[in-house]
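Worksheet: the structure to be examined is printed underneath.
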Amino acid sequence: MEVIFKVIRQQQNSSPVVQTYLVEAEAGNTILDCLNHIKWEQDGTLAFRKNCRNTICGSCAMRINGRSALACKENIGSELARLQQIPSSPSKVNAIGEITIAPLGNMPVIKDLVVDMSSFWNNLEAVAPYVSTAARQVPEREFLQTPQERSRLDQTGNCIMCGACYSECNAREVNPDFVGPHALAKAYRMVADSRDSDTENRLASYNEGTKGVWGCTRCLYCDSVCPMEVAPLEQITKVKQEILTQKQASDSRSIRHRKVLIDLVKEGGWIDERQFGLQVVGNYFQDLKGLLSLAPLGLRMILRGKFPLSFESSEGTEQVRSLIESVQQLENKS
């Protein structure tokens, strides 16, 4: 079949342009096969990264039709079939399939599909992704783990550092301090590792402001594009849970936000926003600055008749409470 490849090309510090290539391909050919054909047969100036061609190294991550993926994993047939499910896709109306290729997001372009991954690696380094044994005496042989202890590392150990999750991260796009889903997935690996001796300091670091786990917007893009099913958001949630089990609600606004939300839903079935603001922002009337920050909004709501004077629990509150308590009991057992 004939396939049109629209490649977003860009030199460093210049505007991107779209270059079109017509490729003769089979359904089983990968996107990387086609890019190799373009480079070898049509345009030797096209720049992109590749290495293993077997979904192992992560080098060929790029945006394929708007989502970050590995070019060596996605093939022509499945990609065109996916596009057929999108109403606005050009492949839906054109006889010849079209595939658009662009560089990864959240990183500056060096040339064409090659991006500068310095921030990606620097943010990984920021979570100290190495097992610490500083508090122990170095033994005569390796630190041993049981099969059960090792199994806790299986999912995060599959990460190949391709950058797909980092590319799609909405939190990273608006918050340059946020370390990214790849780093926090690795952070959980360190927390879960029975050989590590620095858990308390790690959790304190991951709990700081919005550069750690509380900066995540829970958009699920990282989970949806991960080629190795590491599920970074799931790992971030596990780190949050570790923090919450060790911290009091008064320790930070992020922790209060999580705990107060659960407590209020458990009490009334949905959130009593009057109490939510006072307890989270005002820290149970202990944070005077926080309380004052709520005053302008509160006054505007009162003047416009938008401030509820009472709170009615939702229907099914008892069932909601029962569900929350069941989940909490399961978490305590685990």
Segment 253-334 shape via C-alpha gyration tensor axes, a/c threshold 1.5: oblate
Length-normalised contact order of segment 1-60 in % [C-alpha pairs under 8 Å, at least 6 apart]: 23 percent
Sparsely packed GluC sites (Glu not before Pro) within segment 1-75, loop by DSSP, other Cβ within 10 Å at most 13: 26
For segment 40-116 versus segment 280-308, the gap between their alpha-carbon centres in whole angstrom: 49 Å
Beta bridge orientation in the chain: antiparallel %, DSSP, nearest 5: 80 percent
Vicinal HN-Hα couplings computed from phi for segment 210-218 (Karplus, 6.51 cos²θ - 1.76 cosθ + 1.60; Hz; Gly/Pro x): 10, 7, x, 5, 7, x, 5, 8, 6
HN-Hα J in Hz across segment 107-124 - Karplus 6.51, -1.76, 1.60, θ = phi - 60°, x for Gly and Pro: 9, x, 7, 8, 7, 6, 9, 9, 10, 7, 9, 4, 5, 4, 6, 5, 6, 5
Distance (nanometres) between label positions extended 7 Å along Cα→Cβ at residue 220 and residue 304: 3.0 nm
Global geometry of segment 94-173, whether rounded, prolate or oblate, following the gyration tensor of its Cα atoms and the 1.5 cut on a/c: prolate
Other-chain or far-sequence residues with amide H under 5 Å of residue 97's (modelled H): 4
Difference of contour (0.36 nm per residue) and Cα-Cα distance, residue 143 to residue 294: 49.1 nm
Pairwise label distance in nanometres, residue 24 with residue 312, each label 7 Å out on the Cα-Cβ vector: 7.2 nm
Packing-based ranking, highest mean first, of 177-189, 52-64, 6-18 given that Cβ atoms within 10 Å are counted: 177-189, 52-64, 6-18
Amide H contacts under 5 Å for residue 252, placed H, 5+ residues apart: none
Within segment 236-285: Cβ-based charge dipole about Cα centre, in debye rounded to nearest 20 (Lys, Arg +1; Asp, Glu -1): 200 debye
Size of electric dipole in the chain: Cβ of Lys, Arg +1 and of Asp, Glu -1, about Cα centre, debye, nearest 20: 620 debye
The chain: relative contact order as a whole-number percent, Cα under 8 Å and 6+ apart: 13 percent
Test item: Cα-centred dipole of segment 107-238, Lys/Arg +1 and Asp/Glu -1 on Cβ, debye: 160 debye
C-alpha long axis of helix 253-268 to longest principal axis of the chain, angle in °: 70 degrees
Trypsin sites (Lys or Arg not before Pro) within segment 227-283, DSSP loop, no more than 11 other Cβ atoms inside 10 Å: none
Relative contact order [Cα under 8 Å, 6+ residues apart], segment 234-293, whole percent: 21 percent
Hydrodynamic radius (Kirkwood) for the chain, which is based on Cα pairs only, to one decimal in Å: 23.3 Å
Free-standing Cys residues across the chain, given no other cysteine C-beta under 4.7 angstrom: 34, 60, 72, 159, 162, 169, 216, 219, 226
Between 0 and 90°, nearest 10: helix 317-333 axis offset from the chain longest Cα axis: 70 degrees
³J(HN,Hα), Karplus 6.51/-1.76/1.60, whole Hz, each residue of segment 283-299, x for Gly, Pro: 6, 6, 6, 9, 9, 5, 5, x, 4, 5, 5, 7, 4, x, 5, x, 5
Folded to 0 to 90 degrees: helix 181-192 orientation relative to the chain principal axis, Cα: 60 degrees
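Any read-out appearing in this document is the output of simple, stated calculations on the displayed coordinates, not a laboratory observation. Every value quoted in this text rests on a predicted model; they were computed, and no experiment measured them. Reconstructed Cβ throughout: ideal geometry from the backbone, glycine too, with neighbour counts over all protein chains shown.
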